[in-house]
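Novice: Encoded as structure tokens, here's the structure I'll be asking about.
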Amino acid sequence: MSVRLLTAALALGLGVVGRAVAAPPDDRILSVDQYTSEKARTLARKYAPALRDLNAGIYHCLPWLEVPKESIGFFRPKHLVPSKDDRYLSLRIYVDQETSPQFASLKMDGRAAAMFSRYVGPMLRRMTQRAELITDPMVDGFTVIVHWLKPTIEAGAQPVNETIAAFIERSVVADYLAGRARASDLASRATVLGFDGKTALGRLSVSGWEDDFVKTFQIANYRLEPGVTCR
């Protein structure tokens, strides 16, 4: 977790925070020398400005989200065929939140569906602000990984995160962004893996719906840095 101050509570128990520094850390983006294939290095170099814009946009405009170190880049999904160098533009985020009775009362698949609906679609839109990413044949798909604090831990127990990792082929994302597929279609056509802490839960069947929270929510008294605009 970064150095932040909790200032409010939202639906699903989200905690809203204030930034401690004025610029996004560069280490949120995987450096080119960390990639293991020329295809991945080519993508990383080609889209370096887009990755920086993605990192900065989340940092400034969605301050209740944290992008961990080396969490933006062109990663190869481990569940796909090992012999193929499929590269998915990937983003991993941590949602800072408090325990909410409403959210905690849901089963894991319900919490997964809520987080998928709230964050996967909006993050895909941010990840594809450079339209060429949707048509580039070297980009095989997109991955959005969402972590949140598990709300059902017994008192005194060590906190753990719950996680969904949504892997979506490029053609499916293109259909969604063009309006040819709905959020429910996005969820049904994605491969969504779940985790309880470090325990893999396997593939989850999640429902999806339109959730405009990320687009419409504004933090009271939160001020953008001079020259920064959000869209």
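The values are calculated or read from the model by the stated rules, or taken from the named source; none is laboratory data. Everything quoted here is computed from the prediction, not taken from an experiment. In this analysis, Cβ positions are derived from the backbone assuming ideal geometry, glycine residues included, and neighbour counts consider all displayed protein chains.
Novice: What is the one condition in (1) more than 11 Å from the chain's Cα centre (by Cα); (2) touching a residue at least 60 places away in the same chain (Cβ under 8 Å); (3) closer than 14 Å to residue 168 by Cα that residue 128 does not satisfy?
Specialist: (2)
Novice: Here is a follow-up. Which condition number does residue 110 fail, the rest of (1) under 16 Å from residue 162 (Cα atoms); (2) assigned to a loop (DSSP other than H, G, I, E, B); (3) free of Cβ contacts under 8 Å to residues at least 40 places away in the same chain being met?
Specialist: For residue 110, the exception is condition (2).
Novice: Would you mention how many residues in region 98-107 are of a type outside the set (Val, Ile, Thr), in contact (Cβ under 8 Å) with a residue 40 or more places away in the chain and surrounded by fewer than 20 Cβ atoms within 10 Å (Cβ to Cβ)?
Specialist: At the first step, the residues of region 98-107 found to be of a type outside the set (Val, Ile, Thr) are 98, 100-107.
In the following step, the residues that additionally are in contact (Cβ under 8 Å) with a residue 40 or more places away in the chain were identified as 98, 100, 102-104.
If we keep only those that are surrounded by fewer than 20 Cβ atoms within 10 Å (Cβ to Cβ) as well, we get 98, 100, 102, 104.
Counting residues in region 98-107 that are of a type outside the set (Val, Ile, Thr), in contact (Cβ under 8 Å) with a residue 40 or more places away in the chain and surrounded by fewer than 20 Cβ atoms within 10 Å (Cβ to Cβ) gives 4.
Novice: Just one of 95, 146 is closer than 21 Å to residue 185 by Cα, under 17 Å from the mean Cα position of the chain (by Cα) and of a type in the set (A, V, I, L, M, F, W, C); which is it?
Specialist: Details: 95 fails: closer than 21 Å to residue 185 by Cα.
When all the criteria are applied, what remains is 146.
Novice: Output the residues belonging to region 50-96 that are more than 18 Å from residue 139 (Cβ to Cβ), among the aromatic types (Phe, Trp, Tyr) and either part of a helix (DSSP H, G or I) or touching a Gly at 6+ places or on another chain (Cβ under 6 Å) (or both).
Specialist: 59, the sole residue that qualifies.
Novice: Look through region 137-168, keep the residues that are among the acidic types (Asp, Glu) and touching a residue at least 40 places away in the same chain (Cβ under 8 Å), and return whichever of them is nearest to residue 89 (Cα to Cα). Working first, answer last.
Specialist: Taking region 137-168 and keeping what is among the acidic types (Asp, Glu), we get 140, 154, 162.
From the residues that got through so far, the ones that are touching a residue at least 40 places away in the same chain (Cβ under 8 Å) too are 140, 162.
On the way: 140: 8, 162: 22 Å.
The selected residue is 140.
Novice: Hey, among 166, 190, 200, which residue is of a type in the set (A, V, I, L, M) and over 18 Å from the mean Cα position of the chain (by Cα)? Break it down stepwise before answering.
Specialist: On the way: 166 fails: over 18 Å from the mean Cα position of the chain (by Cα); 190 fails: over 18 Å from the mean Cα position of the chain (by Cα).
Exactly one residue qualifies, and that residue is 200.
Novice: Please work out which one of (1) closer than 25 Å to residue 79 by Cα; (2) not in a helix (DSSP H, G or I) is the condition residue 186 fails and give its number.
Specialist: It fails just one condition, (2).
Novice: Which is in contact with a Lys or Arg (Cβ under 7 Å, 6 or more places away or on another chain) and of a type outside the set (Lys, Arg), of 191, 199?
Specialist: On the way: 199 fails: in contact with a Lys or Arg (Cβ under 7 Å, 6 or more places away or on another chain).
Sole residue among the options that is in contact with a Lys or Arg (Cβ under 7 Å, 6 or more places away or on another chain) and of a type outside the set (Lys, Arg): 191.
Novice: Pick from 214, 206, 192: which is over 14 Å from residue 112 (Cα atoms) and touching a residue at least 12 places away in the same chain (Cβ under 8 Å)? Talk me through it step by step, then tell me what you get.
Specialist: On the way: 206 fails: over 14 Å from residue 112 (Cα atoms); 192 fails: over 14 Å from residue 112 (Cα atoms).
Every option except 214 fails the conditions.
Novice: Over 19 Å from residue 91 (Cα atoms) and either at pLDDT 95 or above or touching a His at 6+ places or on another chain (Cβ under 7 Å) (or both), is that true of residue 171? First the steps, then the outcome.
Specialist: Working: over 19 Å from residue 91 (Cα atoms): no; either at pLDDT 95 or above or touching a His at 6+ places or on another chain (Cβ under 7 Å) (or both): yes.
Judged against the criteria, residue 171 is not a match.
Novice: Looking at residue 121, is it on the phi > 0 side of the Ramachandran plot, touching a residue at least 12 places away in the same chain (Cβ under 8 Å) and either surrounded by 14 or more Cβ atoms within 10 Å (Cβ to Cβ) or of a type outside the set (Lys, Arg) (or both)?
Specialist: Working: on the phi > 0 side of the Ramachandran plot: no; touching a residue at least 12 places away in the same chain (Cβ under 8 Å): yes; either surrounded by 14 or more Cβ atoms within 10 Å (Cβ to Cβ) or of a type outside the set (Lys, Arg) (or both): yes.
When the stated conditions are applied, residue 121 does not pass them.
Novice: Also, I was wondering about something else. So, of the residues in region 208-231 that are part of a loop (DSSP other than H, G, I, E, B) and in contact with a Phe, Trp or Tyr (Cβ under 8 Å, 6 or more places away or on another chain), which turns out to be surrounded by the fewest Cβ atoms within 10 Å (Cβ to Cβ)?
Specialist: To start, the set of residues in region 208-231 that are part of a loop (DSSP other than H, G, I, E, B) comprises 208-212, 217-231.
Next, from what is left, pick out any that are in contact with a Phe, Trp or Tyr (Cβ under 8 Å, 6 or more places away or on another chain): 208, 219.
Working: 208: 23, 219: 15.
For region 208-231, the residue satisfying everything is 219.
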